[in-house]
Amino acid sequence: MQPTWRDRRDQLSRRWIYGLFILLPVLAVFGHRGVAPWLLLASLPAFARGDFWQGLFGRLFDHPSLKDPTFACLISLLAFCLWILLSGFWSPKHHYSLFLWILAPGLVGASVVWFSLNLSRQWAWRLGRAFSLAVAGGMIVLAFEGVTGGFLRDIVPPKDISPDGSRDMIALGRGVTALAPALFPAAAIAVRVWSRGAAVLVLFIGLAAALANDVAANAFAIGVGLGAAVICLAAQRPVLRTAGWGAILFLLVSPFVAMLLPVEATFELARENYSKEVLAAATSALHRIAIWQAVGLKTLAGLPFGYGADFSRIWSETAPMVIVPGAPSPLSVIPTHPHNIFLQTWLELGVPGVAALASFLFFGLKALLRARLSKAVSAAVAGAFIAILISINVEGSLWQVWRFAAMALAASGIALAHALEKR
C-alpha cells in the first residue's frame, strides 16, 4: 500500500524535529538566544496540521468556559499580554510591541506541546529518546566548556575580546540556564526509555554542567529542583500544590518583602567579616539585594498601574548609584532589569499585570492537577517548575524571549514524557 500524503507529511515532520534536536546542543553552547527561533521551527509541524487548529483551538473556543483550566490559562495569558500593550501608552518610551515577546513563545510553545501529546506510540518513543539525548548532550558539551574555559567558543569565531573572556563564560552559563528546566523531563523520559540509572546520569550531567560554569544560580536551581522532584515521587499532589501556591504567594508579596531587605546592615556585615577576595566573588549577590530593595520602594510609588512596559531599562539611565562591597566603583540601583520577574511585573505592569500572572499560575496548577500525571512526570513538573522559579527570580527579565522559549522546551519534554506514560 502506497503511503498517503498524510503519512509523508508526518514522517517529514518527525525527521524535521529530529534535526532540530541535533541542533539543540549546538545552540546551548554557541547561542542560547537561539532557543527562541529553535522553538518557532519546532512548531511548524503542528501549524501545518489542520487537526491542530481544530483539535486545540476548536476545542477551546467551541465551548468556552472558565471552568476549563486550559481555556482559563489562555484567557489569563491574553489578558496579561493585553495589559502589556496598554501599558505602552504611559511607558516613557511607549513600547507597544513587547506583548509579542510573551504571547509568541506562549502560543508557539502550546503548539509544540500539542504535537508532543498527539504522537503515535512509536514516534513518542523515538522523539522522547531524542529529546533526552539532546538535553544530556548539550549539558555534556557545556560541562566540557566550563572545565576547559570555553575551548570550543575560543576556537570558533568571533573572538571574545572582553576582559578575561568573561562574555563567553557568561554566555555558557546562560546556555545551562536554557537547558536546566528541560533536564527534569529528560530524566523522566530516560526512566521510561532506559532505566533509573540513566535518569540519574542525566541529572548528574546537568548538575556538573551547572557547577562547571560561572552562574551559581544554575547549580542552586537544579539542586533545589532535584530535591523537589525526589519529594514529589512520594507526595505528588501535595508537592505540586505547594509549589504552585508558593509561587502565587511569593508573587503577591514580593515588593513588600523586597522593600524591607536590610541592605545597609548586610553590606556592613559583609565588610566586617569577609576578605576582599570573598567580597569580589559576592559582589553580584550583594548588588541584587540593593536592586530588589530599590525596586520594591519604587513599585509602591507607581501603583496601581505600574510605570509601563520596559520602564526598568529607562529608569536605569537616571537611577541613583550604590556602593556595593567588593565592587571597584559605585553601581546603579537598577541595571537594565531588576533580575527578578515578579518584581519587574509589579514595577512595570502594576496590580492588573500581577493579577493576570497570578491567574495564569492558578489555572495552570489546576490544569496540572486535573491531568492525572504519573509519578515520574509529576516529579519532572515539580523539578522544572522550581528550577524556573528560582532562575527567573534571581536573574530573569520579562523581556528575555529565550527564557520563555526555554520554559516551552521543558513543557514539550514533559508532554513527551506524559505521552510515553499514556501509551
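Structure above, values below:
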item	result
Accessible solvent surface per residue of the range 205-252, calculated while the other protein chains remain in place, 1.4 angstrom probe, Å²	46 Å²
Karplus 3J(HN,Hα) series, Hz, for the range 102-108 with 6.51 cos²θ - 1.76 cosθ + 1.60 (x for Gly, Pro)	9, 5, 4, x, x, 6, 5
Per residue value of the accessible surface for the range 316-392 (all protein chains in place, 1.4 Å probe), Å²	37 Å²
Value of Rg/Rh across the range 85-128 [Cα atoms, Kirkwood radius]	1.37
Choice from Phe404, Phe256, Phe61 showing the highest fluctuation, given a GNM over the chain with Cα pairs closer than 10 Å	Phe61
Convex hull of the range 98-236 built on C-alpha atoms - directionally averaged projected area, nm²	10.8 nm²
For the range 210-289, projected area of the alpha-carbon convex hull averaged over all directions, nm²	7.1 nm²
The range 333-423: Rg to Rh, with Rh as the Kirkwood radius over Cα pairs	1.03
For the range 129-199, the spread of Cα positions along each principal axis, largest first, Å	45, 19, 17
Length gained when the stretch Leu201-Glu272 is fully extended (0.36 nm per residue, less Cα-Cα span)	21.3 nm
P(r) of the range 186-343 over all Cα-Cα pairs, binned every 5 Å from zero, in whole percent	1, 8, 12, 14, 15, 14, 13, 10, 7, 4, 1, 0
Of all accessible heavy-atom area on the range 168-209, the percent that carbon and sulfur account for (1.4 Å)	69 percent
Å³ per residue enclosed by the Cα convex hull of the chain	159 Å³
For Ser91, distant residues with modelled amide H under 5 Å away	Ala309
Cut-off under 5 Å, modelled amide H: who pairs with Asn340 long-range	Gly396
Share of alpha-carbon pairs per 5 Å distance bin for the range 264-423, given as whole %	2, 8, 14, 16, 14, 13, 11, 9, 7, 4, 1, 0, 0
Of Gly353, Gly88, Gly197, the one that fluctuates the most in a GNM where the chain has Cα springs shorter than 10 Å	Gly197
Calculated over the range 278-373: convex hull of Cα atoms, volume per residue (Å³)	113 Å³
Mean separation of Cα contacts under 8 Å (6+ apart) over length of the chain, as relative contact order %	27 percent
The range 138-147 - phi-based ³J(HN,Hα) in whole Hz, Karplus 6.51/-1.76/1.60, Gly and Pro as x	x, 5, 4, 5, 5, 5, 4, 5, x, 5
Built amide H within the under 5 Å cut-off of Ser332, gap 5+	Val322
The range 19-148: radius of gyration over Cα atoms, expressed as a fraction of 2.2 N^0.38 Å	1.30
Note, ³J(HN,Hα) from phi for the range 63-79, Karplus 6.51, -1.76, 1.60, rounded to Hz, x at Gly and Pro	10, x, 7, 5, 6, 8, x, 5, 5, 5, 4, 4, 4, 5, 4, 5, 5
Max mean-square fluctuation residue, GNM over the chain, Cα-Cα springs under 10 Å, options Arg174, Arg49, Arg288	Arg49
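The values are calculated or read from the model by the stated rules, or taken from the named source; none is laboratory data. All values reported here derive from a predicted model rather than from experimental measurement. The area values use the complete protein model at the heavy-atom level, side chains included, leaving out ligands, DNA and RNA. Shrake-Rupley method; radii C 1.70, N 1.55, O 1.52, S 1.80 Å.
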